[in-house]
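In what follows, a single structure is set out as structure tokens and then discussed.
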Amino acid sequence: MAKMIKRSRRPELMWGLGLDKTLAQQIEKGVGPGFHLRNYPADSLPNDRDLTHDEKPSAAWIPWSVWTSFPEFRREAYRNQDSTQRILIQDHGDTDLEMEQVLAEGFLTVVRTPLTRPKIQDVMFRAKEVTSMYSDIYRMTEEIMLERELLSRKTDQLLFLNRILASATESLEATTILANAKETLSLVLPVKVLNAAFWNRQQASEVADVEIFLNGKMPPATESAWVEHLMASASTMGSGPVNGFQVVHTDPARRPEYAHKPDDGRLVTMPLTAGNETFGCLALLCEPGHRLGKDQVETFRSAINHIGLALRNALTFKEVKLRADRDGLTRIYNRHSFEERLVYEIKRRRRYNHDLSLLMVDLDHFKSVNDTYGHKAGDMVLQKVGEILTKTFRTTDLAARYGGEEFVVLLPHTSEEAAWKLAERVRENVESCKFSFEDNVFTVTASIGVASVEGGALTSDDDLIIKADKALYQAKNNGRNMVVVSGQPSSSQPAVQ
């Protein structure tokens, strides 16, 4: 296959910053012939001219020891290379970094030496995924900017549109876009308040979740009036039945102008559309006597369209980030996120020898729920179980949907006995939950397998999963709706030493 690559195809450029010969060779071997690694010695790292050169590297491999030696202004210069995915390399002697710190330092991910081929290929796969995602988002933004350039040839109203576009595309945060929109729209119309609502239908369901953005914190009566108006507008404009809503304040401060109710002026509520789909609405409260000319109306509508596109991009970006590590139905973590975290926790356990436990949860006779009440009822059950798991465990634990009606919960620093007690709590919460669907009330139960890492190291990363799966199988065979601990002959409760 490699022999078929055309000679004229130029290898993709990557940088190495202060890599020793072994690391450089491992990376070159891992990425293959489609890449060229330009390694800068530790005493001759890229200067400002290199950083601003037109040819940008797709990735940069940086050892932690090299990164920590940089002054802050030099680190910031590397962070500003938006088109370059930075990969942090840590030696075994380096202190483990939390992922939040890795991201805060501007890195895509962190890998530990030795750099094996699977590790490198996994990093490159993720780098390509992130680059592709940002490429799509920037492509949409560029389309908006292109339209701004066309509109800039027109009159003063078109200059106003330029400003709208500039403010709308400077961020991928909906709160920032809305705050900028209120300020810019006030150049044409005296806007006192700008609030918004967005809705998103749940997968395989006609029910929608509504997110309401309010200018700022308001008195309770005022906020209720705006929520009522926006919810009614959402229903009228096509959100369908609403499952629930949440309120976000674009400005956390409480200011006098936020006391305006919907009837304190001229209220204009405009739909936000993308293609043929209406996904939200803007509610603008203006001075009652102000009128716009015909050309101003057209310009104003164009401005709303551009704001709508920017908001749609922001919501899409938010959804992409959410889907990357979450299950689309239950909104808890997905299997890929669990497997990554499991590898990380096992490595930590091997190093620090702390307790590590795993629960494997399977809903009993779940097929009969789908067969009796329909798949929508089954989806509702899965969502509720996801909520139960989220509320039961700590933020340091990880609950994930493993597949179908099966869930897993990873419990760092948790002994076998503590894991059993938590599993019992989950089992009881599932059993006591009443599910209601189309006038039918029913219950479900769960079987749970518990596995813990005891003395000695695991022989492989899959051992903990295998142990929990065997315990779950035993719980199913023993009659279901019970917790079984791996290695326990028949009792579901571990012996207390």
Taking the range 374-411 as the search range and keeping residues that are more than 20 Å from the chain's Cα centre (by Cα) and under 15 Å from residue 468 (Cα atoms), which one is surrounded by the fewest Cβ atoms within 10 Å (Cβ to Cβ)?
406
Is it true that some residue in the range 101-117 is basic (Lys, Arg), part of a helix (DSSP H, G or I) and either modelled with pLDDT under 85 or exposed (fewer than 15 other Cβ atoms within 10 Å of the Cβ) (or both)?
yes
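Residue-wise test of (1) among the charged types (D, E, K, R); (2) in a loop (DSSP other than H, G, I, E, B); (3) over 18 Å from residue 110 (Cα atoms); (4) out of contact with any Leu (no Cβ under 6 Å at 6 or more places or on another chain).
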residue	(1), (2), (3), (4)
16	no, no, no, no
23	no, no, no, yes
26	no, no, no, no
36	no, no, yes, no
39	no, no, yes, no
49	yes, no, yes, yes
54	yes, yes, yes, yes
65	no, no, no, yes
78	no, no, no, yes
Enumerate the helices (runs of 4 or more DSSP H) found wholly within the range 155-254, keeping only those where 1 or more residues are modelled with pLDDT under 80, surrounded by fewer than 15 Cβ atoms within 10 Å (Cβ to Cβ) and over 23 Å from the mean Cα position of the chain (by Cα).
156-168
Could you please find all residues in the range 444-456 being in a loop (DSSP other than H, G, I, E, B) and at pLDDT 95 or above?
444, 445
Tally the residues that are surrounded by 11 or more Cβ atoms within 10 Å (Cβ to Cβ) and either among the hydroxyl-bearing types (Ser, Thr, Tyr) or under 22 Å from the mean Cα position of the chain (by Cα) (or both), restricting the search to the range 81-98.
7
What single numbered condition from (1) farther than 24 Å from residue 484 by Cβ; (2) surrounded by fewer than 20 Cβ atoms within 10 Å (Cβ to Cβ) fails to hold for residue 367?
(1)
List the residue pairs whose Cβ atoms are under 6 Å apart, where the first residue sits in the range 270-284 and is surrounded by fewer than 19 Cβ atoms within 10 Å (Cβ to Cβ) and in a strand (DSSP E or B), the second is β-branched (Val, Ile, Thr) and modelled with pLDDT of 85 or more, and the two are 6 or more positions apart or on different chains.
271/278
Kindly indicate whether residue 331 is at positive phi, in contact (Cβ under 8 Å) with a residue 24 or more places away in the chain, out of contact with any Cys (no Cβ under 7 Å at 6 or more places or on another chain) and not in a helix (DSSP H, G or I).
yes
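The values are calculated or read from the model by the stated rules, or taken from the named source; none is laboratory data. Here the structure is a predicted model, which is why all the values come from computation and not from measurement. Counting neighbours? That spans all protein chains shown, and the Cβs are built from the backbone with ideal geometry, glycine included.
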